[in-house]
Amino acid sequence: MSALYFAHLSQLQSRTEKFLQDHQFDQLLIGSGSLHKHFLDDTRYPFRPNPHFVHWAPFLTQHPDCWLLVRPGLKPLMFYYTPKDFWHLTPDLPSADWALAFEWIAYDDKAVMLATVGQARTALISEQGVDGDNISHNPEALIHAINFSRAVKTEWEQHCLREANYLAVKGHRAAQRGFESGLSEYAIHQAYLSAISHNERDMPYDNIVGLNEHAAVLHYQFQQRSAPGEHRTLLIDAGASFNGYAADITRTFTQEGTLFSDLVKGLDDLQLQLCNQISAGSDFVALHEQMHLMIADLLNRFGIVHANPEVQLEQGITRTFYPHGLGHLLGLQVHDVGGWQQDASGTLKEPPAEHPFLRLTRKLEAGYVITVEPGVYFIPQLLEELKVSKASDQINWAMVEKLLPYGGIRIEDNLCVTAEGSENYTRDGFAKLS
């Protein structure tokens, strides 16, 4: 796929040259990031690279203290950190085909990099500052322009996101087998990692592996070592990385033949219906609100809520069962930047007051990669608040009590928006496994 990668870099170069001209800079310097020590310790946190750096160099996701200098009309220059160090392995200069896209300077003294940067007007995008009157550290206007443009993915980026999804669905299949075998949350997580050949450092985010009631905790952060006596539900929200690009997939597994399994199937059908409606020009806020209406109908059909869908929305009932947003932009970051941003100057459109957790308020364009992740949950805290509200008499509390031990449901796919519709990377990935 080297041709796609070189085309991607050509697009980045052209776009960046325009941004530099618009914002009156001569060049752009991007740092890969640095390692950070634990408090009162000499060990370090796992390295997370600067996504602006990975946008250009997706094969260098584990290389702190590198710097990329982008100059109009010239090949990007990579300052590759090669310290004199007998404690750690000093990397060799890359020799793969992709490396031909860059000029390379191996360095272990930042003065070498600074001498090359010189006195040109330099925009610096990095967590680390660099001294110099000619250097503007993280210029907001330029970053707004870059972040806004990142929503439309190049063909190379789409390829990476497609491959990340195919890796992740292998893990989800392994997790399903682990659930059906009665494994613990921890053992299911380990089976997932093994299936996709990732270690913890490789993952784009910490896996959510919730059995039974834990499926009602939206960002459940633990993994129990002991298995519960009964496996009613597995909600697993887990991804994978490919060349620095992230998959973000959720599936909910349960035993067949129960009311809850019918509810899982019902939400899965609705999620797919909504996915099939998405295309360039779709308003994501409107899609989110439509999903609330669809979930209200589901709750009514299953006898969980007596009120019709319109009344449920008017009284805010669905926000108890579906408290989060429909989805977000996806790319170099799991929650990719610019979700509320409406233009290159940084104008924001915040979500409606009644849906504060919605991470994407833009109209969709061809090339956007998004998640679509509705849910239905039985969260004790939110249900207690609903029970003392005016809408309490609209709820079938006996049925809610019956469903509480199952926790909740989330179905999440990753889609690339097209002019005519969308490409569902996640469903295609599962179909490829069949």
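The values are calculated or read from the model by the stated rules, or taken from the named source; none is laboratory data. Every value quoted in this text rests on a predicted model; they were computed, and no experiment measured them. Neighbour counts run over all protein chains shown; Cβ positions are idealised from the backbone, glycine included. Just so you know, the surface numbers come from the protein's heavy atoms only, side chains and all, with ligands and any DNA or RNA stripped out. Shrake-Rupley method; radii C 1.70, N 1.55, O 1.52, S 1.80 Å.
Structure values in brief
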item: Failed item, numbered, when F59 is tested on (1) open to solvent by 70 Å² or more (accessible area, probe 1.4 Å); (2) part of a loop (DSSP other than H, G, I, E, B); (3) under 30 Å from G346 (Cα atoms); (4) not basic (K, R); result: (1)
item: Selection count, the range 279-310, where residues are part of a helix (DSSP H, G or I) and open to solvent by 30 Å² or more (accessible area, probe 1.4 Å); result: 8
item: Evaluation of Y220 against (1) open to solvent by 40 Å² or more (accessible area, probe 1.4 Å); (2) within 18 Å of Y322 (Cα to Cα); (3) without any contact (Cβ under 8 Å) to a residue 40 or more places away in the chain (one fails), failing number; result: (1)
item: Matching residues, the range 14-38, being of a type in the set (S, T, N, Q), assigned to a helix (DSSP H, G or I) and buried (at least 19 other Cβ atoms within 10 Å of the Cβ); result: T16
item: Of all residues in the range 88-104 being of a type outside the set (D, E, K, R) and in a helix (DSSP H, G or I), the one that is surrounded by the fewest Cβ atoms within 10 Å (Cβ to Cβ); result: L100
item: Residues that are surrounded by fewer than 19 Cβ atoms within 10 Å (Cβ to Cβ) and part of a helix (DSSP H, G or I), drawn from the range 250-269; result: L259, S261, D262, K265, D268, D269
item: When residues of the range 105-126 are limited to those that are out of contact with any Pro (no Cβ under 8 Å at 6 or more places or on another chain) and in a loop (DSSP other than H, G, I, E, B), the one nearest to L9 (Cα to Cα); result: S126
item: Out of E354, E373, E385, sole residue that is of a type in the set (D, E) and within 21 Å of the chain's Cα centre (by Cα); result: E373
item: Set L383, L360: member being open to solvent by less than 20 Å² (accessible area, probe 1.4 Å) and part of a helix (DSSP H, G or I); result: L383
item: Those residues of the range 141-192 which are among the polar types (S, T, N, Q) and either within 30 Å of L20 (Cα to Cα) or at pLDDT below 95 (or both), in sequence order; result: N147, S149, T154, Q158
item: Count - residues of the range 326-357 that are open to solvent by less than 20 Å² (accessible area, probe 1.4 Å) and without any contact (Cβ under 8 Å) to a residue 40 or more places away in the chain; result: 1
item: Sole residue being over 30 Å from V369 (Cα atoms), open to solvent by less than 60 Å² (accessible area, probe 1.4 Å), modelled with pLDDT of 95 or more and touching a Gly at 6+ places or on another chain (Cβ under 8 Å), chosen from V117, V54; result: V117
item: The one condition in (1) open to solvent by 10 Å² or more (accessible area, probe 1.4 Å); (2) in contact with a strand residue (DSSP E or B) (Cβ under 9 Å, 6 or more places away or on another chain); (3) over 30 Å from E230 (Cβ atoms); (4) not aromatic (F, W, Y) that L313 fails to fulfil; result: (2)
item: Leading residue by the ranking (least open to solvent (accessible area, probe 1.4 Å)) among those in the range 386-408 that are out of contact with any Phe, Trp or Tyr (no Cβ under 7 Å at 6 or more places or on another chain) and outside any helix (DSSP H, G or I); result: I395
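Matching residues to (1) touching a residue at least 24 places away in the same chain (Cβ under 8 Å); (2) under 27 Å from H63 (Cα atoms); (3) of a type in the set (F, W, Y); (4) open to solvent by less than 30 Å² (accessible area, probe 1.4 Å):
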{"site": "L183", "(1), (2), (3), (4)": "yes, no, no, no"}
{"site": "H189", "(1), (2), (3), (4)": "yes, yes, no, yes"}
{"site": "N199", "(1), (2), (3), (4)": "no, yes, no, no"}
{"site": "M203", "(1), (2), (3), (4)": "yes, yes, no, yes"}
{"site": "E213", "(1), (2), (3), (4)": "yes, no, no, no"}
{"site": "L234", "(1), (2), (3), (4)": "yes, no, no, yes"}
{"site": "G239", "(1), (2), (3), (4)": "yes, yes, no, yes"}
{"site": "G244", "(1), (2), (3), (4)": "yes, yes, no, yes"}
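Condition check ((1) modelled with pLDDT of 95 or more; (2) small (G, A, S); (3) within 29 Å of G421 (Cα to Cα)) across all residues:
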{"site": "A344", "(1), (2), (3)": "yes, yes, yes"}
{"site": "L364", "(1), (2), (3)": "yes, no, yes"}
{"site": "V372", "(1), (2), (3)": "yes, no, yes"}
{"site": "I379", "(1), (2), (3)": "yes, no, no"}
{"site": "K390", "(1), (2), (3)": "yes, no, no"}
